[in-house]
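Undergrad: This structure is in structure tokens; I'll ask about it shortly.
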Amino acid sequence: MKHNKAISRSRRPASLKSRLDELPRSKRLAVKGILLPIALAAVVSGVFFCAYRTYRKLLDICNSQSVVIDETEQIKIHATPHFSEANIRESFGLKNGCNLAMIDFRAKREQILKKRPLLSDITITRNLTRKSVTITAEERRPVARINYKRNGAGRESWLVVDLDGVVFDYSLNDSQMLPVIKESAASAEKGEKISGKALWGLRLTELCMSRELSGIHLSEIDVSNDIYLIARTRDYNSIELLWSYITEHGTHNTGNMRDALMKIRHIINNGLKVGHYQTFIVTGKNRVTVSPHDKEYSR
């Protein structure tokens with residue numbers, strides 16, 4: 001009986017570890033160098049597989065819970081006068097039954113902003129807890145008209161520009177009181193930014209919107225003249241700013257332009273001008289000549 005047990009023990013297959021121990025050291029290291037990466041790869045693959053299965057289950061749950069069943073509660077929209085709530089809903093595909101998780105809000109936002117230059121921004125806020133979305137659209141504020149055109153039917157058409165220099169369409173009735181920037185040739189089309197001398201016309205408009213210069217109401221800024229930037233006010237006065245003076249410190253410095261306007265405002269507010277309709281000619285620092293009497297004021 002003992003003999004049989006000894007025979008059964010001798011026939012028992014050796015373990016992998018014992019077999020490895022029987023190999024020479026060099027071969028043992030080579031085998032371990034092969035088996036260990038394989039084992040590690042198997043473990044990593046198993047972890048990734050389990051993680052992927054978990055991710056897919058979570059994604060399916062999120063997708064099923066992101067379906068809009070009550071658009072009045074799950075969709076909040078803050079529209080603008082020229083981009084209505086209906087426009088926003090249609091552009092993003094928002095309605096009962098849509099899946100918020102399947103809508104690429106970022107891509108649609110970029111498409112809308114590119115197609116509608118009137119919009120300055122669209123803010124999208126997702127609430128994962130409430131499974132809802134809030135969309136807020138913002139319009140550009142026009143500060144001047146630019147690029148006058150007359151179409152085939154003889155009707156006039158204007159584009160407008162905001163303080164960022166972006167050109168866009170706007171209602172003619174709502175823009176009639178805006179000053180006009182007059183160029184010799186259009187520097188930008190709809191959706192583009194103005195450049196060159198038109199930017200100086202825009203900076204002049206911006207300066208006259210400030211509190212300290214709000215008394216100067218512009219009606220037109222002509223930047224087509226090579227020597228002067230010529231502005232006209234609503235009370236029929238003219239302002240001629242020598243280009244070489246207002247660009248003296250670089251194309252992005254409006255200090256000289258502001259100083260000239262402050263001097264003109266001082267002359268107007270203190271009743272120093274003669275007559276009702278005057279032309280203020282600015283040729284340098286503290287050099288303002290008022291015609292038709294060619295009277296020069298210095299301060």
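No value in this document is a laboratory result; all are computed from the given coordinates. Keep in mind that what you see is a predicted model, and the values were worked out from it rather than measured. Every residue, glycine among them, receives a Cβ derived from its backbone with ideal geometry; neighbour counts consider all protein chains shown.
Undergrad: Report the rotationally averaged projected area of the range 186-290 based on its alpha-carbon convex hull, in square nanometres.
TA: Values: hull surface 27.0 nm².
Mean projected area for the range 186-290: 6.8 nm², to one decimal.
Undergrad: Peptides 207-215, 280-288: what's the order by average Cβ count within 10 Å, highest mean first? Each step should come with its number before you reach the end.
TA: Details: 207-215: 13.7, 280-288: 17.2.
The peptides rank, most packed first, as 280-288, 207-215.
Undergrad: So if I take the centroid of the Cα atoms in the range 107-150 and the same for the range 179-253, what is the distance between those two points in Å?
TA: Using only Cα atoms, the two centres lie 28 Å from each other.
Undergrad: Compute the distribution of all C-alpha to C-alpha distances in the range 100-256, in bins of 10 Å from 0, and list the percent of pairs in each, rounded to whole numbers.
TA: Bins of 10 Å from zero give 10, 33, 29, 16, 9, 3, 0 percent of pairs.
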